[in-house]
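Mind having a look at this structure? Questions to follow.
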Amino acid sequence: MLPHSLYLAPANVAAVPAPEKIQAILERLEVIGPALGKDIFEAGGGFARHVVFAGCSPYLVMTPPEDGSLAFCHVAVHGPFDLPHLVTGLQAPRPRCPHCRHRFTDWRDLLGAEREMRSLRCPSCHRGVTSCELDWRQHAVCGRVLIELRNVFPGEAVPSDQLMQALCAETAMEWQYGWAQYLSIDQANTT
């Protein structure tokens, strides 16, 4: 099973905040530490302050395991992509039409393997909608730039208000979050 992540992205899925600005915000808040690779970072001392975990004492692995697995908290910044990318997981709930609330039971077939935003037609109200406009109940996120907080499971944690406010204030745009499976670097860099 693929590990899960908490994703942050601009609410306007077409927006492209400068990745350098995002990295500077994450560094200032100490969400990220030293680089592990291109656009991949260790979790910094502020990670646990700005990723609010449910429960009284979550078990967080903050350093890479000796077995080489990715089962530890770290951060990746993806993009900018040419088109908005939708990231979701195999266990995502059926998304709903934002107009009539119809459930897309066949969403996996409709979206296929591509991660780019797709245009769809609701079979119930017949209105056009994009895959990014569907109501995923925060089990997907879409954007041209994505912040991936890795090894965070769905519903287990949310971004702090301070992190979301800093992103909003310093990029001059609203931000959203959702949970999904890892976006591998190979997948992220193919647009």
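Under a 5 Å amide H to amide H cut-off, with H placed in plane at 1.01 Å, what residues pair with residue 43 once short-range neighbours are removed?
33, 75
Another question about this same structure. Select from 99, 4, 50 the residue farthest towards the positive end of the dipole of the chain; place +1 on Cβ of Lys and Arg, -1 on Cβ of Asp and Glu, and compute about the Cα centre.
Farthest towards the positive pole: 99.
Return the long-range amide H neighbours of residue 51 (sequence gap of 5 or more, or a different chain), with a cut-off of under 5 Å between placed amide H atoms.
160
Tell me the per residue accessible area of segment 1-115 using a 1.4 Å probe; a whole number in Å² is fine. All intermediate terms of the calculation are to be shown ahead of the outcome.
Numbers: 6080 Å² over 115 residues.
With all protein chains present, segment 1-115 gives 53 Å² per residue.
Here is a follow-up. Return the ratio Rg/(2.2 N^0.38 Å) for the chain, where Rg is computed over Cα atoms only. Let's see the in-between values first.
Numbers: Rg = 16.4 Å, N = 191, 2.2 N^0.38 = 16.2 Å.
Scaled against compact globular proteins, the figure is 1.02.
Report, in deg cm²/dmol and to the nearest 500, the calculated mean residue ellipticity at 222 nm for the chain, where each DSSP H run with n ≥ 4 adds -39500 (n - 2.57) and the sum is divided by the residue count. Please list the in-between numbers first.
Numbers: 5 runs with 34 residues, N = 191.
The helix-only estimate for the chain comes to -4500 deg cm²/dmol at 222 nm.
Within the chain, which is the longest segment containing none of the GluC sites (Glu not before Pro) that sit in a DSSP loop and have at most 16 other Cβ atoms within 10 Å? It would help to have the intermediate numbers written out before the result.
Details: sites that count: 30, 66, 114, 156, 174.
With a cap of 16 other Cβ atoms within 10 Å, the longest stretch comes to 67-113.
If you take all C-alpha pairs in segment 106-175, what percent of them are over 14 Å apart? Could the numbers behind the result be given before it?
Numbers: 1713 of 2415 pairs.
Percent of Cα pairs beyond 14 Å in segment 106-175: 71.
Please report the relative contact order for the chain, taking Cα pairs under 8 Å with a sequence separation of at least 6, and give it as a percent rounded to a whole number.
On the way: 387 pairs, mean separation 72.6, N = 191.
With pairs under 8 Å counted, the relative contact order is 38 percent.
Rounded to a whole number of µm²/s, how large is the Stokes-Einstein D of segment 1-81 at 4 °C and 1.567 mPa s, given Rh as the Kirkwood radius over C-alpha pairs?
Working: Rh = 14.0 Å.
D, rounded to a whole number, is 93 µm²/s.
Shifting gears a bit: Working from the alpha-carbon coordinates of segment 63-141, get Rg over Rh, Rh being the Kirkwood radius.
Numbers: Rg = 15.7 Å, Rh = 14.4 Å.
Rg divided by Rh gives 1.09.
Same structure, new question: Report the full-extension gain for the segment residue 54 to residue 67: residue separation times 0.36 nm, less the Cα-Cα distance, to one decimal in nm. Show your work: numbers first, answer last.
Working: separation 13, 0.36 × 13 = 4.68 nm, distance 2.72 nm.
Net length gain for the segment: 2.0 nm.
Could you size up the charge dipole of the chain around its Cα centre, putting +1 on the beta carbon of Lys and Arg and -1 on that of Asp and Glu, and report it in debye to the nearest 20? Show your work: numbers first, answer last.
Details: 16 positive and 20 negative charges, 162 e Å.
Dipole size: approximately 780 debye.
The values are calculated or read from the model by the stated rules, or taken from the named source; none is laboratory data. Only a predicted model underlies this, so the values are computations on that prediction, with no experimental measurement involved. For neighbour counting, all protein chains shown are included, and Cβ atoms are generated from backbone atoms with ideal geometry for every residue, glycine included. Ligands, DNA and RNA are stripped out before the accessible areas are found, and what is left, the full protein with its side chains, is counted by its heavy atoms. Shrake-Rupley method; radii C 1.70, N 1.55, O 1.52, S 1.80 Å.
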